[in-house]
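Chemist: Dropping the structure in here first, questions after.
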Amino acid sequence: MKTGNELFDRTVLIVDDEALNREILGNILQTQYKVIFAGNGKEALDKIRSGKELVSLVLLDLHMPELSGFDVLKEMKKDGTISEIPVIVLTSEKSSEIESLRLGAADFLIKPYDLPEVILARVRHSIDLFESVKLIHATEFDKLTKFYSPKFFFEYAMRFDQRYPDVVMDAVVINFTRFHLLNQLKGRNFGDEIIKTIANGIRVVLKKTKGIAGRFGSDSFYVYLPHRENYDCFISEINAALSSLLKTSEIRIRLGVFSDKDHSCSVVQRFDYALQACNSLRSKSGIGVCIYDEPMSQKEVFDAYLLQDFEAAIEQKQFKVNYQPKFNITGDKPVLCSAEALVSWEHPKLGRVRPDLFIPLFEENGLVTSLDRYVWEETARQIRKWKEELGRTIPVSVNVSRVDIAAPDMTDFICKIVNENGLKPSEYMLEITESAYTEDSKHIIEVVENLRSLGHKIEMDDFGSGYSSLNMLTSMPIDALKMDKAFIRNIKPGNKDMKLVELVLNIAKNLEVPVVAEGVETEEEYKMLKEAGCDIIQGYYFSKPVPPSEYVKFV
């Protein structure tokens, strides 16, 4: 009697030209298996091929008309689609065993047959072994690329190290940046073609260099190969392969490498380092290679140190909020009009840590929202304190990241700290980077419109560094454009940089919003910007960011 779901019934094909033998074996096996029959080798092959997904085992007599059992074994061995199906040979000739094994037989049943329990045990053992191997093969390889799956990739890499401990191996991580966007724009089938094409490029290189490859996630590949000094071969092969599918500007391959010459760390650690090197190229466009080296290792330790100390730094107020003045330059003399709140870290052991060292790190690790809210609260309290001490308001702008905007309670939090400190929303301005508008423009525009309706002024920060189209600008709710400092750095009368500045000023004029130029450092830059019609200036020409006590001298 059968048990369990029929969907998982195992099918056994009994092949024998003698009906009595088929009947004897059928009666024994049908208590536990679905049994089908063939009376000769040709019929057997037809049934095996047509039911290759269903046949779990073949019981095969060796001496039959048309095609012998040996012929069936030979044909199965040649056909890769059925070669793994286990075969138990039925024979009365002990001498046939060696030839049968050579042709791929898994076991033997000697005529006259053993007890039914022995036959069932041999059949069950062969089927279990077959299904285990089949299951391993199903999980061993990525279906799309035929590269190793992650678990098997690391297993084979570790085995290689054990067998060849003196060979210097490189861990390589290859990634296609913004693959998810390509999937969304052109569909999953096109995305699959991209992945298969990258895999083919990698395969071409590995045929020459030797090594193994695995697919990790949707858009990353791990490669383990003998050490080499140059990785242009991977870049060129992948680039050439993708050129038939993508424009050059759409190819965004990055590659991270770690070479462990003394085998000082595990295979998994090596690929962690290679991944870190690869991720360091994330913000860079086009194709790039990064080798994990000692400076990167030191940075990793430094970053870990900062992450470890973050909570204590918030609690102990090690983060200091400084204020950089902004001057309106539309009149005869510059007039102080507002400030920007900027944060630095006064670390008890490391000293002053620059914001460019910790802000990207906190953005990557999800801590930036806690830091920003700390700065927002400190700034609100400082504006209130200046009002009480000076009898006047100094409007201050704070930075808002795209991560902040994604938080559902962001607007409520801003309103709470403004109200708690008795401020007007117009005294508390918000700077949102241009790139944030392009991440999820619909949601951000809704949030910003709500904040403006409450009375807050919104400045688009780093304008010109992102990718917003002129058409998008007409729908973006803003009260000022902050021109990215990269525009200012090389301006000279009549050069291209100055013409770009003039273009931004014209755009702002048409939008009827003022322009804030940040990063102004020299008198020449100041005069050129004033003459071109810039409204507000911020930068070292007037002052670096200073503590609240020093800022008072500008009032």
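The values are calculated or read from the model by the stated rules, or taken from the named source; none is laboratory data. Computed from a predicted structure; not experimentally measured. Note that we place each Cβ from the backbone using ideal geometry, even for glycine, and neighbour counts take in every protein chain shown. Surface accessibility is based on the protein's heavy atoms, side chains included, excluding ligands, DNA and RNA. Shrake-Rupley method; radii C 1.70, N 1.55, O 1.52, S 1.80 Å.
Chemist: Among the listed pairs K326/K442; K317/K385; K485/K530; K320/K544; K34/K143; K47/K94, give every one whose C-alpha distance is greater than 20 Å. Before the final figure, lay out each step's value.
Modeler: On the way: K326/K442 30 Å; K317/K385 18 Å; K485/K530 15 Å; K320/K544 14 Å; K34/K143 30 Å; K47/K94 28 Å.
With Cα atoms farther than 20 Å apart: K326/K442; K34/K143; K47/K94.
Chemist: Then there is this: Could you work out how far apart the two model spin labels at N200 and E315 are, taking each label as a point 7 Å from the Cα in the direction of the beta carbon, and quote it in nm?
Modeler: Modelled inter-label distance: 5.8 nm.
Chemist: Suppose R0 equals 22 Å; then what is the FRET efficiency for A486 and S441 from their Cβ-Cβ distance, rounded to the nearest 0.05? Each step should come with its number before you reach the end.
Modeler: Values: r = 23 Å, r/R0 = 1.03.
Using R0 = 22 Å, I get an efficiency of 0.45.
Chemist: So in the range 337-438, what percent of DSSP beta bridges are antiparallel if you round to the nearest 5?
Modeler: On the way: 3 of 10 bridges.
Of all bridge pairs located within the range 337-438, approximately 30 percent are antiparallel.
Chemist: For a quick check: with amide H placed at 1.01 Å from N, whose amide H comes under 5 Å from H63's, ignoring anything fewer than 5 positions away on the same chain?
Modeler: G69
Chemist: Quote the relative contact order of the chain in percent (integer), defining contacts as alpha-carbon pairs under 8 Å separated by 6+ residues.
Modeler: RCO, the chain: 8 percent.
Chemist: Moving on. Which value, in Å² rounded to 10, gives the accessible area of D535 with a 1.4 Å probe and all protein chains present?
Modeler: Rounded to the nearest 10, the figure is 40 Å².
Chemist: For the chain, which whole percent of the accessible surface, found with a 1.4 angstrom probe, sits on carbon and sulfur atoms?
Modeler: Working: 14840 of 28730 Å².
About 52 percent, which is the carbon plus sulfur part of the accessible surface.
Chemist: What lysines could a cross-link reach from K42, if we take a straight Cα to Cα line under 20 Å and drop same-chain neighbours fewer than 8 places away?
Modeler: Leaving aside lysines fewer than 8 places away in the same chain, those within reach of K42 are K52, K74, K77, K78.
Chemist: Just one of (i) 203; (ii) 231; (iii) 173 is volume of the Cα convex hull per residue in Å³ calculated from these coordinates, so which is it?
Modeler: Recomputing volume of the Cα convex hull per residue in Å³ here gives the entry labelled (ii).
Chemist: Mind listing the long-range amide H neighbours of H347? Cut-off is under 5 Å, sequence gap 5 or more, other chains count too, H placed in the peptide plane at 1.01 Å from N.
Modeler: It is R352, V353, by chain and number.
Chemist: Quick check: the distance between the Cα centres of the range 117-159 and the range 232-275, to the nearest angstrom?
Modeler: 29 Å
Chemist: Follow-up. Taking the DSSP beta bridges in the chain as the whole, what percent of them are antiparallel, to the nearest 5?
Modeler: On the way: 36 of 79 bridges.
If we restrict to bridges inside the chain, about 45 percent are antiparallel.
Chemist: Could you give the size of the charge dipole of the chain about its Cα centre, using +1 on the Cβ of each K and R and -1 on the Cβ of each D and E, expressed in debye and rounded to the nearest 20? Provide the component values of the computation, followed by the final result.
Modeler: Numbers: 70 positive and 84 negative charges, 169 e Å.
For this selection, approximately 820 debye.
Chemist: Do you know the relative contact order of the range 1-109, to the nearest whole percent, from alpha carbon pairs under 8 angstrom that are 6+ apart?
Modeler: On the way: 172 pairs, mean separation 26.2, N = 109.
Here the relative contact order equals 24 percent.
Chemist: For the charge dipole of the range 182-318, defined by +1 on Lys and Arg C-beta atoms and -1 on Asp and Glu C-beta atoms about the Cα centroid, which residue among T209, V268, G288 has the Cα displaced farthest towards the positive pole?
Modeler: T209
Chemist: What percent antiparallel are the DSSP beta bridges of the range 1-104, to the nearest 5? Each step should come with its number before you reach the end.
Modeler: On the way: 0 of 14 bridges.
In the range 1-104, approximately 0 percent of DSSP beta bridges are antiparallel ones.
Chemist: Right, something else. Which order do F176, F413 take by accessible area at a 1.4 Å probe, largest first?
Modeler: Details: F176 5, F413 30 Å².
Largest accessible area first, the list is F413, F176.
Chemist: Accessible area per residue, 1.4 Å probe, Å², for the chain: what's the number?
Modeler: Here the residues of the chain average 52 Å² of exposed surface.
Chemist: Something else: Per DSSP helix of 4 or more residues, -39500 (n - 2.57); summed, then divided by the residues of the chain. What does that give at 222 nm, rounded to the nearest 500? Show your work: numbers first, answer last.
Modeler: On the way: 22 runs with 258 residues, N = 555.
Using -39500 (n - 2.57) per qualifying helix, the result is -14500 deg cm²/dmol.
Chemist: Given R₀ = 51 Å, what would the calculated FRET efficiency be for L350 paired with K261, taking r from the Cβ atoms and rounding to 0.05? Can you show the working numbers first?
Modeler: Values: r = 31 Å, r/R0 = 0.60.
For L350 and K261, the calculated efficiency is 0.95.
Chemist: A further question follows. I'd like to know which of N490, V516, Y541 lies farthest towards the positive end of the charge dipole of the range 475-555, counting +1 on Cβ of Lys and Arg and -1 on Cβ of Asp and Glu.
Modeler: Going by the Cα projections, it comes out as N490.
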